Structures are given as C-alpha cells and as structure tokens.
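Okay, structure first, notes after.
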C-alpha cells in the first residue's frame with residue numbers, strides 16, 4: 001500500500017520514496033521531508049516499491065536495510081537492475097562495515113547510519129537531489145554518439161577507439177562495453193555490480209575478473225604518461241571516469 005504525503009504546488013517539489021517496515025521510522029522520515037518543502041511517498045512491501053517505480057519514478061529512494069521478512073540489500077540489488085534512481089540506504093550500527101561496503105558496491109549512492117538526526121538526513125538527501133539535477137542539466141551523450149576525451153575519439157557505432165595520434169586501438173567486447181559504460185556516466189562512481197551488468201558478465205559482485213578488465217582498459221588508454229589515467233578507483237564505491245567528455249557531432 002502506498003501513501004502520498006505532502007501538498008502539491010505549482011512548481012513540482014522533489015519526490016522521495018521511503019521504503020521501510022518500521023512504522024515509527026517511516027513517519028519520522030516523511031515528517032522531516034514534507035516539513036522542508038519536499039514530497040514523500042511510502043511503501044512497506046517490495047512489490048509496492050517496484051509497482052511505484054514502474055508507474056512514476058521518484059527523484060530519490062530512502063531504503064531501510066532492516067525490513068520485516070526481507071533484506072534491504074537484496075531489494076537494492078534488484079532495484080539497481082531496473083533503475084538508476086538515487087538511493088540512500090539506512091544501516092544499523094552492528095552491520096555498519098559490512099553494509100557500507102556491500103551497499104556501495106551494489107549501487108547505493110549514500111549510506112546513513114541509524115539513529116540519525118533530521119538535519120543529517122536532509123543534508124544527505126539534498127546533496128543527492130542536487131547531483132540528480134546537475135545530471136539532468138548536463139545529460140550524458142547518447143549511447144551511439146561519438147565522444148572525445150583527452151585527445152581520444154571513441155565511436156560506439158563502428159565500435160572504434162582512436163588514440164590522439166590517429167591510430168586505431170583494438171578493444172575486446174568487454175573492454176568496449178566497459179568504456180561505453182564509463183563515457184555515458186562521466187565523473188560518477190560505478191560499482192562493480194553496475195559494470196558487471198554493463199559487460200554482461202554474470203559472476204559474483206566481488207569477482208576480481210572485473211579488476212583485471214579495468215586494468216587492461218587502463219593500459220590501453222594511458223598513451224600519455226603526463227596525464228592521469230581517466231579511470232580512477234573510488235574507494236568503497238568502484239570506479240569513475242574522470243576525463244572531460246565532449247560529444248562529437250555526426
């Protein structure tokens with residue numbers, strides 16, 4: 001069952017979907033959000049979450065790690081297969097280290113340790129919403145659009161990578177898929193789970209073969225030793241492509 005809370009306005013306020021089976025926690029989060037000029041909706045069942053997402057994707061999701069009869073990490077994993085909506089995972093003190101590492105690798109955008117204050121929740125949520133707004137103002141290149149970065153030319157349609165000197169660099173299918181995922185999400189940390197899905201390698205999220213593929217791709221695009229490698233490791237989150245991406249008109 002879903003309950004929309006908050007008054008509509010002429011200018012649409014950010015809408016957050018809260019999924020927890022803890023009634024008191026749910027009420028406190030919703031009150032905090034709506035009293036600060038934003039909208040909130042709640043769900044208490046996994047099927048309700050995905051029904052809402054398919055009907056109208058919210059601007060952010062707050063997901064509780066501890067759910068009656070369910071596991072928030074399993075929900076997060078399924079969520080990431082279907083959507084890139086920003087997610088804040090609420091974690092508990094006894095599982096803090098495990099939750100943080102696993103959640104970020106599964107694609108959570110942020111983790112918040114319970115109990116937390118309203119100011120902390122609002123600060124984290126607003127930061128997440130600002131990043132989403134910036135992504136909307138500066139959308140990534142189309143899937144098939146050629147792009148330039150650090151003098152390189154990447155052309156998805158003919159599946160071609162050309163180095164700054166004009167030489168074509170051969171890519172394996174996995175390397176091509178990895179580079180495609182990176183240039184579509186410049187500057188954003190991508191978890192191993194996300195990259196495994198992008199390369200269609202159905203292995204465990206912690207399989208180290210992904211790190212080997214990243215290493216091989218790094219070596220191929222490191223033609224200029226004076227420049228930092230565009231693929232950067234983000235501790236606890238995955239990898240980010242930090243080079244400036246410039247779309248090329250076809």
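The values are calculated or read from the model by the stated rules, or taken from the named source; none is laboratory data. Please read these numbers as outputs of a predicted model, since none were measured by experiment. So basically every Cβ, Gly included, is an ideal-geometry build from the backbone, and we count neighbours across all protein chains shown.
Things worth noting here:
- Scanning the stretch 162-178 for residues that are crowded, with 16+ Cβ neighbours inside 10 Å and without any contact (Cβ under 8 Å) to a residue 24 or more places away in the chain turns up 162, 176, 177.
- Top-ranked residue in the stretch 80-94 [being free of Cβ contacts under 8 Å to residues at least 60 places away in the same chain, under 17 Å from residue 22 (Cβ atoms) and touching a strand residue (DSSP E or B) at 6+ places or on another chain (Cβ under 9 Å); ranked as surrounded by the fewest Cβ atoms within 10 Å (Cβ to Cβ)]: 93
- From 154, 182, residue being at pLDDT 85 or above, crowded, with 18+ Cβ neighbours inside 10 Å, in a strand (DSSP E or B) and assigned by TED's automatic domain parsing to the domain that holds residue 217: 154
- Qualifying residue in the stretch 158-166 (condition: in a loop (DSSP other than H, G, I, E, B), under 23 Å from the mean Cα position of the chain (by Cα), at pLDDT below 90 and under 20 Å from residue 181 (Cβ atoms)): no
- Residue list for the stretch 231-245, restricted to those being at pLDDT 85 or above and not in a loop (DSSP other than H, G, I, E, B): 231, 232, 233, 239, 240, 241
- Any hit, the stretch 39-49, residues being under 24 Å from residue 239 (Cβ atoms) and either crowded, with 21+ Cβ neighbours inside 10 Å or not assigned by TED's automatic domain parsing to the domain that holds residue 187 (or both): no
- Under the condition of being at pLDDT 85 or above and either in contact with a strand residue (DSSP E or B) (Cβ under 9 Å, 6 or more places away or on another chain) or in a loop (DSSP other than H, G, I, E, B) (or both), the residues counted in the stretch 216-230 number 6.
- The stretch 13-56, residues that are closer than 18 Å to residue 130 by Cβ and assigned to a loop (DSSP other than H, G, I, E, B): 13, 14, 36, 37, 38
- Looking across the stretch 57-79 at every residue that is touching a residue at least 40 places away in the same chain (Cβ under 8 Å) and closer than 22 Å to residue 39 by Cβ, the one that is farthest from the chain's Cα centre (by Cα) is identified as 64.
- From the options 63, 104, 100, residue that is modelled with pLDDT of 85 or more, in contact with a strand residue (DSSP E or B) (Cβ under 8 Å, 6 or more places away or on another chain) and not assigned by TED's automatic domain parsing to the domain that holds residue 190: 63
- When the test is whether a residue is over 16 Å from the mean Cα position of the chain (by Cα) and free of Cβ contacts under 8 Å to residues at least 12 places away in the same chain, residue 47 passes it.
- Test: residue 190 is under 20 Å from the mean Cα position of the chain (by Cα), at pLDDT 80 or above and under 13 Å from residue 233 (Cα atoms): yes
- Selection within the stretch 72-97 - closer than 22 Å to residue 127 by Cβ, part of a helix (DSSP H, G or I), out of contact with any helix residue (DSSP H, G or I) (no Cβ under 8 Å at 6 or more places or on another chain) and at pLDDT 75 or above: 72
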